[in-house]
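Okay, so here's the structure we're looking at.
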Amino acid sequence: MRRIYLDYAATTPVHPEVVKTMLPYFTDAFGNPSTIYSYGQEAKGALEEARDNVAALIGARDEEIVFTSGGTEADNFAIKGVAYTKEPKGNHIITSSIEHHAVVETCKFLERRGFRVTYLTVDEYGLVDPDDVKRAITDKTILISVMHANNEMGTIEPIVEIGRIAREAGIYFHTDAVQTVGHIPVDVNELRVDLLSMSAHKLCGPKGIGALYIRKGTKLISFMHGGEQERRRRASTENVPGIVGFGKAVELAQQEMSEEAERLTCLRDQLIKGLLERIDHTRLNGHPLNRLPNNVNVSVDFVEGESMLLNLDLEGICASTGSACSSSSLEPSHVLLALGLSPEQAHGSLRFSLGKWTSEEEIEQVLDVLPRIVAKLRAMSPLLESHR
Ligand code: PLP
């Protein structure tokens, strides 16, 4: 059976060109970039070339990019780094109620250590209101962290407006751009961010590598102590093959981004329209227009997301319910609850995230298969019985 992968927001296959670029750095060019002989310098050269690519993609300078082990580390670094640097000035952080666990759990950790965190509510489409950000600012606020686009329901946040507010108030602004970098234009100066998190495995790069953009002049305590790598901001021997792969993935993404975004938007809208037309009692989660080109998230009443997933899997279709990180738990997604969905509606959610190898035939296949699955599940659903 041919499998259909529609979970690109969880992770992507690595582009064959990326694999090809990485391979020599496991074998021939395996040197430690901190060494001065040719092996090391070869690795160092490749590392800096990758840094160049990543910086260019987001309008940053090379020295503003610090490689990390992924998006989670970048989020931790940004938030804890600012919190501990700015502690003498204040202890208040503003974030949203729809952030990824990497941000939410970091904020909760800081709350247990005496910081105060405001979790801003969102509207029914998942949008943060910039005026709410403004109202939440106090003289103790040291950081605002709002994600660029949500990984579960795809809504793109008004980062430009929030960036303006943060800048006017002289408060550091961090955005988690793990789902947007390489997919839609991201420019750190247009967005007016001081810190921005990225991850390679969401853009056809390898897992275990990401980066934090740190605007020049931003004061940030490092939390990895050891050697002097990454200008002493992140100790540990660099993951050279990973970084090289990240650099190549970024280069490819930059070349293909506008065409891909257009192609995926068409497929996305075809899937949304088809699902809403062919399955009754179904709603779209997230913003209808202001959403990632590759994200489809729907709630189907009277069925469990997990049952739909298992049945889709039997047909070779991979999707998710909630985010990959929360799908192993029975808790309804905090993101969908924040939109005002009931726990039942959140449990009945399905996310399809499209990507480089998604075709129109695959979308048609989902539109053919899912209505049948829902009809079968509803026929035996106690949820539907109690509704009647
Ligand atoms: N932030 C967002 C919005 C994500 O979607 C993810 C991954 O799902 C992460 C952070 C964590 O990134 P990583 O898996 O590279 O640690």
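None of the figures in this text is laboratory data; all of them are computed from the coordinates on show. What you are looking at is a predicted structure, and each value in this text was computed from that prediction instead of being measured. Cβ: placed from backbone, ideal geometry, glycine included. Neighbour counts: every protein chain shown.
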Listed by chain and number, the aspartates and glutamates with an alpha carbon less than 15 angstrom from that of LYS44, same-chain partners under 8 positions apart left out, are ASP28, ASP52, ASP62, GLU63, GLU228, GLU230, GLU238
Once amide hydrogens are built 1.01 Å from N within the peptide plane, the residues lying 5 or more places from TYR172 or on another chain with amide H under 5 Å from its amide H are ILE144
Once both label points are put 7 Å beyond Cα along the C-beta direction, the GLU306-PHE223 separation in nm becomes 3.1
CD proxy, 222 nm, the chain: helix-only mean residue ellipticity via -39,500 (n - 2.57) per DSSP H run with n ≥ 4, per residue, nearest 500, stands at -13000 deg cm²/dmol
Note: LEU23 to VAL160 extended length (0.36 nm per residue) minus current alpha-carbon separation gives 45.4 nm
Length gained if LYS134 through ARG2 is fully extended, taking 0.36 nm per residue and subtracting the Cα-Cα distance, is 42.5 nm
Along the range 90-97, Karplus-curve 3J(HN,Hα) (6.51, -1.76, 1.60; θ = phi - 60°) to the nearest Hz, with x for Gly and Pro, reads x, 9, 10, 10, 10, 9, 10, 8
With Cα coordinates, the longest principal axis of the chain makes an angle with the long axis of helix 101-112, in degrees rounded to 10, of 70
The extension gain from LEU289 to ASP187, computed as 0.36 nm times the residue separation minus the Cα-Cα distance, is 34.6 nm
The farthest towards the positive end of the charge dipole of the chain, of the residues PRO241, LEU191, VAL103, given +1 on Cβ of Lys and Arg and -1 on Cβ of Asp and Glu, is VAL103
Mean-square fluctuation maximum in Gaussian network of the chain, Cα pairs under 10 Å, restricted to ILE165, ILE36, ILE156, hits ILE36
Label model pair ALA375, THR265: point-to-point distance (7 angstrom along the Cα→beta-carbon line) in nm is 3.4
1/(1 + (r/R0)^6) with r = Cβ-Cβ of CYS318 and THR121, R0 = 45 Å, i.e. FRET efficiency to nearest 0.05, evaluates to 0.90
Taking Cα atoms only, helix 305-314 is inclined relative to the longest principal axis of the chain by an angle, in degrees rounded to 10, of 90
Computed over the chain: longest principal axis from alpha-carbon atoms vs helix 159-169 long axis, angle to nearest 10 degrees, is 50
Calc'd 3J(HN,Hα), the range 351-357, phi into Karplus 6.51 cos²θ - 1.76 cosθ + 1.60 (θ = phi - 60°), Hz, glycine/Pro = x, comes to 10, 10, 10, 8, x, 3, 9
Amide H neighbours of LEU120 at under 5 Å, excluding residues fewer than 5 places away on the same chain, with H built from the backbone geometry, are THR95, SER96, SER97
The rounded separation in angstrom of the Cα centers of the range 284-298 and the range 83-156 is 22
Expected sort for 189-200, 20-31 on mean C-beta neighbours within 10 Å, highest first, is 189-200, 20-31
For SER258 and GLU277, extending 7 Å from Cα along the Cα-Cβ vector and measuring point to point gives, in nm, a value of 3.0
Scalar couplings 3J(HN,Hα) for the range 186-196 by Karplus 6.51 cos²θ - 1.76 cosθ + 1.60 (θ = phi - 60°), nearest whole Hz, x for Gly and Pro, are 10, 10, 4, 7, 5, 7, 6, 9, 9, 9, 8
